[in-house]
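Just below is one structure, and these are the notes that go with it.
The values are calculated or read from the model by the stated rules, or taken from the named source; none is laboratory data. None of the values given here were measured: they were computed from a predicted structure. Counting neighbours? That spans all protein chains shown, and the Cβs are built from the backbone with ideal geometry, glycine included.
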Ligand SMILES: [Zn+2]
């Protein structure tokens, strides 16, 4: 089964050459992209979709979410808006609610959140454990996450649960809890922050998870300068997330991690990959923290990702468009740079920017032949409208692995 999407006013590929095509067309064959180019040269296909002069982008790649939870933190949000400052402790409220919710309900809630994200153009999504915080509930969260998300991260080291000694808990995270989640996860993460895990504890968590064969990510430098970025680079983490408070040495370390990487030679890049800096602007706004220095990071050669950090405490939105809008209006990224960070950048942070057309592990986050057909058609003639018309829902149609998703408009466009 092949589908031709034609009459695309602007095709923002986010491919290795950063190409933007006008009057373009794309052909989907099964789950993969089989052709793209000028609409006038498009081959025939089993069915045709008229994009009506709209803009087509890669689907969003949301590389940082926390969707396995129950409960509500409206009261904490209200208190914060009334002037109370954010600290890491609110996580305990969600842990209580999550532990007392059934598997069925936790799964249903998470599936609803994924559907909400997909309906807004997200086609590849990571999520984390981290609201179980005991062996049984972390393993349960990992198992449920593996049924709803594309990528799963073990975040047993989210917070030391009430009544437990930090050292004793770190041992649990590095030992029996890690063994229990291992069948369900590809990544591990640690909240390296004052009030969460200190440098020594974070280091032990990262080492144990690395030894277990997991890829690494770090929550770092959110509430103040600290060792998070340094540890992430030292351990070769795929990404360090938040990055609000960075020293010159932190920025230099991130930039140096990419010095052996040549992204220009193809989607695969070449050389040694570094640590992606993942900015979470919706979280920064919701906690009234200064926005991460995305402009400066890009200018020094750091690869950037934008993600929603969807979670009940500090960023209760799955809207990647909102993150892109904020990155343009307030972080001084161009529209092309912001869209790239929210697509290709997220894929890079998840090690999915390249694929293998033979064995079917397809690249996501950019539009190129052989890549997974993850596409986002905007109800606008160009991606610029994401920032030019802030707050307006612009998702018109979404294809995930070649399958049109239930956005409503996906049918109307045919
Ligand atoms: Zn997070």
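On the basis of being in contact (Cβ under 8 Å) with a residue 24 or more places away in the chain, more than 22 Å from residue 149 (Cβ to Cβ) and in contact with a helix residue (DSSP H, G or I) (Cβ under 6 Å, 6 or more places away or on another chain), does residue 6 make the cut?
So residue 6 passes the test.
Listed residues 329, 304, 298; which is in contact (Cβ under 8 Å) with a residue 60 or more places away in the chain, more than 16 Å from the ligand (Cβ to nearest atom) and in the same structural domain as residue 249 (by TED's automatic domain parsing)?
None of the other options fit; the residue is 329.
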Under the condition of being in contact with a strand residue (DSSP E or B) (Cβ under 7 Å, 6 or more places away or on another chain) and assigned to a loop (DSSP other than H, G, I, E, B), which residue from the stretch 178-198 is nearest to residue 143 (Cα to Cα)?
185
Could you identify the single residue in 196, 188 that is buried (at least 20 other Cβ atoms within 10 Å of the Cβ), in contact with a helix residue (DSSP H, G or I) (Cβ under 9 Å, 6 or more places away or on another chain) and modelled with pLDDT under 95?
196
Please find, within the stretch 243-263, the residue that is surrounded by the fewest Cβ atoms within 10 Å (Cβ to Cβ) out of those that are in contact with a strand residue (DSSP E or B) (Cβ under 6 Å, 6 or more places away or on another chain) and not in a loop (DSSP other than H, G, I, E, B).
261
Residues 274, 236: which one is on the phi > 0 side of the Ramachandran plot and in contact (Cβ under 8 Å) with a residue 12 or more places away in the chain?
236
Some residue of the stretch 31-44 being at pLDDT 95 or above, under 24 Å from residue 337 (Cβ atoms) and either assigned to a strand (DSSP E or B) or out of contact with any strand residue (DSSP E or B) (no Cβ under 7 Å at 6 or more places or on another chain) (or both)
yes
Residue 21: in a strand (DSSP E or B), more than 30 Å from residue 220 (Cβ to Cβ) and free of Cβ contacts under 8 Å to residues at least 40 places away in the same chain, yes or no?
yes
Subset of the stretch 152-194 that is closer than 21 Å to residue 97 by Cα and touching a residue at least 60 places away in the same chain (Cβ under 8 Å) - its residue that is farthest from the ligand (Cβ to nearest atom)
162
